[in-house]
Amino acid sequence: MSYDNQPDTVSAKAEWGKLDGLRQAMLNRLERLAQLTIPSVMTTTFYNTDTDQLTNGFTSLGGQGATHLVNKLMLAMFAPSRPFMRLEFDDAAKAKLIDQLGVAEEDLTTALVQGERRAIQELEQAGQRQQLFELMLHLVCVGNCLLDLSGDDLNIVGIRDYVVRRNAKGKIACIMIRECYTLDELEPEAAAEYKARYPGCKWDTKVELFTWVKLVRGDYRSTVWVDDLKLSDGFNGKYSPASLPWRPLTWRLPARQHYGVGRAEEYANDLAEHESLSHALSDGSALATTFKWLANPSGITRPEDVTRAANGAVVPGAQNDISLLFASIGNQLSTVLSIRQDVAQRLGRGFLMNSAVTRDAERVTAEEIRIQAMELESSLGGTYSRLALDAQQPLALWLLRKAKIKLAGTQVKPVIITGLDALSRNADRERMMIFLQDVTTLDSIQPNTRLRLREGNIIADMAAGAGVDRVRYIASDEEVAAAQEQIRQQQVNEQASQAAIAVSAEDAIQE
C-alpha cells in the first residue's frame, strides 16, 4: 500500500471520516475492554468528567492485573538506575578512531558512557516517565497507542485520536492524527491562515487539527490541515523511516491487520466471565443476608409482642406461629465462588500476578530484575522483546537529540538492550565478575599440580565460557613477561635502596 497516486483534492477531514468509520466496531470492543481493566484508558464517547464516574463495575481484578503487568514492564524496560541503551562503535571504526585520536580505549568508553547518561537524564529531568507508564497501560488494555516524538516533550495519543493503515508486510503506509482546539489555541501562523480563509470566524471557534503522514516513494511526508484547509508548505515535513517521529505501537500485531491486539483482548472472555460471576456473587450475597419473619395470621402469637419484647423476655404465644424466612443459597454461592476463583487464577497467570512480586524498594538487585525479565520473556511469548525494541529505539534517538548528542556523520549508534539482556544494564560487568571468580579458583590449586597446567589456555577458555572479550581482558605472553620484568626490577631497586640505607646508618653510628 502506498499513497503515491492519491489525488491532492482529498482533504484530511474527508479521509479521517472514511478511515475512522471503518473501525467503529473495533472501537466499541476496545471500550468494553477498557471498562473491564482501566476505564480511563478509553472512555465512552459520551463520557463527561464532571458528572460521570469511572468504575470497574463489580470487580477490579482486571485493573489490578493490568497495572501489575505494566509495573513489571516499566521496571524491566526503563529501570530508574540503569540506561536502556548503550552507545557503541563497531570494532573497525573503534580501532580507527583510537589510532587517529591517540586515545586509550577506556577513555573512549568513558566518553560514550557519559553520552548515555546525558541522554537518560533528559528522560528523568523532563518527567516523562509517567507518559511511558500511560503508554504501556494503553498497550496492555486496548493494544494500541501512538508515541509522538515530534515536539520537545514526549506525548502519547490514544486510539480514538489517530488512524493508521499498514501494507501487507505490516509497514506503516498512512498515519492521521486528530487534535481538537479552539482557534486561539493554534499556532499564530496556522490561526492566521485559517482566518484568512474564513474571515468571519471567531477566536473561540472549535476546529480540528489533522497531521497527515503518508508513505510516498519510500519516504514519509507530512501535511497539516485545519478542518478542510491545508496549511502552507512551511508546516510540511519529510522523514526517512528511521527518523519518523510518530510511532503507532501495538501490543501484538496480527498478520495483515492495521491495528494490534492487547493483552486484555487475549483474555477478554475470562475478564467478562469474572465480571459476570462477581455480579452474581454480589447479588447472591445481598440476598443471603436478607431475612424476614413469617407470622401465622390465624395464630395466637401477636407479631408486635415479639418485635417489642426485650432479649430474654417471656412472650405469650405458640412456637410455630412465628418462623424465620431466608434464602437458603449457601451451596449455590459456594459454586459461584469456586468458579470465580478458577477464572481469577487464569487471569492471574495471564497478567503475571501469581508469581513473586518484585520488592518495592529503592534498590532492586540485578538477580531480581533478571528473574522478572525471564518471566516476561517466557510468559509473553516474545512480545516483551519486540515491544522493547519498537518503543525504545525511537525514544533513544529522541533523547540523544534532546541531549544535543549528534550521531550524524559518526560511526556511533545506539544499541537497545532487549530481551534477557535488558534485565540489567550491568550485564557486561556481571560477565566480567564471573570470569574473575573462575580465574581466582586457580589460586586454590596446589603448586605441584599447577606446574602441569597450561594456565594461559585455561584462562582463555574461561573467558570464552563467560562471554568476555579475551583480547581486552587477558594480557599476552609478551605483556606478562614485561610485567614480570618490571616487578623484578622494582624488587632489585628496593633491595638496593634498603642496602644503601643500611650502609648510611652504619656509617653514621661509626662516626
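Read-outs throughout are calculated quantities, based only on the coordinates presented, and are distinct from any laboratory measurement. A quick note: this is a predicted structure, and the numbers were derived from the prediction, not measured. When we count neighbours, we look across all protein chains shown, and the Cβ atoms used for this are built from the backbone with ideal geometry, even at glycine.
Rounded to the nearest 20, the size of the Cβ-charge dipole of the chain about its Cα centre is 1960 debye, with Lys and Arg at +1 and Asp and Glu at -1.
Once you have the Cα-Cα distance between Ala272 and Arg217, take 0.36 nm times their residue separation minus that, and quote the gain in nm to one decimal.
On the way: separation 55, 0.36 × 55 = 19.80 nm, distance 4.52 nm.
Once the chain is fully extended between Ala272 and Arg217, it gains 15.3 nm.
Across the range 1-124, C-alpha contacts under 8 Å between residues 6 or more apart give a mean separation that, scaled by the residue count, equals a relative contact order of 16 percent. In the chain, the longest principal axis of the Cα atoms and the axis of helix 24-36 are about 90 degrees apart. Taking a ≥ b ≥ c as the square roots of the Cα gyration tensor eigenvalues, with a/c under 1.5 meaning rounded and otherwise prolate when a/b beats b/c, else oblate, which class fits the chain? Verdict is oblate for the chain. Loop-located trypsin sites (Lys or Arg not before Pro) in the range 123-191 (DSSP state not H, G, I, E or B) with no more than 12 neighbouring Cβ atoms inside 10 Å: Lys169, Lys171.
Remark on the range 135-212: ratio of C-alpha radius of gyration to 2.2 N^0.38 Å is 1.37. When each of the peptides 248-257, 446-455, 269-278 is scored by the mean number of other C-beta atoms lying within 10 Å of its residues, the order from highest to lowest reads 269-278, 248-257, 446-455. Each Cα pair under 8 Å and six or more residues apart adds its sequence gap; the mean of these over the residue count of the range 12-265 is a relative contact order of 20 percent.
Within 10 Å of each candidate Cβ there may be at most 13 other Cβ atoms; applying that plus a DSSP loop requirement, which chymotrypsin sites (Phe, Trp or Tyr not before Pro) in the range 123-225 survive?
Values: sites: Phe133, Tyr162, Tyr181, Tyr194, Trp203, Phe210, Trp212, Tyr220, Trp225; in loops: Trp203.
Passing both the DSSP loop test and the Cβ count: Trp203.
Percent relative contact order of the chain, based on C-alpha pairs within less than 8 angstrom and at least six residues apart?
On the way: 603 pairs, mean separation 88.4, N = 511.
Relative contact order for the chain comes out at 17 percent.
Using θ = phi - 60° in the Karplus curve 6.51 cos²θ - 1.76 cosθ + 1.60, the 3J(HN,Hα) couplings for the range 164-173 round to 9, 10, 10, 7, 5, 8, x, 6, 5, 9 Hz; x is entered for Gly and Pro. Quick one: net charge around Thr182, please, counting Lys, Arg +1 and Asp, Glu -1 for every other residue with C-beta under 14 Å from its C-beta. So the environment of Thr182 carries a net charge of -4. Among Leu30, Asn71, Gly299, whose Cα lies farthest out toward the positive end of the dipole of the chain, if unit charges sit on the beta carbon of Lys, Arg (+1) and Asp, Glu (-1)? It is Gly299, whose Cα lies furthest towards the positive end.
Mind listing which chymotrypsin sites (Phe, Trp or Tyr not before Pro) in the range 33-81 are in a DSSP loop and have 11 or fewer other Cβ atoms within 10 Å?
Values: sites: Phe46, Tyr47, Phe58, Phe78; in loops: Phe46, Tyr47, Phe58, Phe78.
Here the chymotrypsin sites (Phe, Trp or Tyr not before Pro) that fit, given the DSSP loop and packing criteria, are Phe46.
Mind running the shape call on the range 12-265? Use the C-alpha gyration tensor, a ≥ b ≥ c as the square roots of the eigenvalues: rounded below 1.5 for a/c, prolate if a/b tops b/c, oblate otherwise.
On the way: a/c = 1.90, a/b = 1.28, b/c = 1.48.
Verdict is oblate for the range 12-265.
Around the amide H of Arg252, modelled in the peptide plane, lie the amide H atoms of Val261, all under 5 Å away and 5 or more residues distant in sequence or on another chain. On a 0 to 90° scale, report how tilted helix 12-21 is relative to the longest principal axis of the chain, with both axes built from alpha carbons and the result rounded to the nearest 10. The two axes meet at around 70 degrees. For the chain, with the dipole built from +1 on Lys and Arg beta-carbon atoms and -1 on Asp and Glu ones, taken about the Cα centre, which of Leu397, Val439, Thr335 lies farthest toward the positive end? Checked the options; the winner is Thr335.
What's the center-to-center distance, using Cα atoms, between the range 247-325 and the range 4-61 in Å? What the calculation gives is 33 Å, centre to centre.
With respect to the chain, whose longest principal axis is taken over its alpha-carbon atoms, helix 268-288 is tilted by about 50°. Think of the range 12-265 as having a plus end and a minus end, set by charges on the Cβ of Lys, Arg, Asp and Glu; of Gln257, Ala119, Leu149, Gln257 sits farthest toward the positive end of this dipole.
Taking a ≥ b ≥ c as the square roots of the Cα gyration tensor eigenvalues, with a/c under 1.5 meaning rounded and otherwise prolate when a/b beats b/c, else oblate, which class fits the range 276-335? Walk me through the numbers on the way to the answer.
On the way: a/c = 3.69, a/b = 2.79, b/c = 1.32.
Note, shape of the range 276-335 comes out prolate.
All C-alpha to C-alpha distances of the range 63-112, sorted into 5 Å bins beginning at zero, yield P(r) values of 4, 17, 18, 12, 8, 10, 9, 8, 6, 4, 3, 1 percent in whole numbers.
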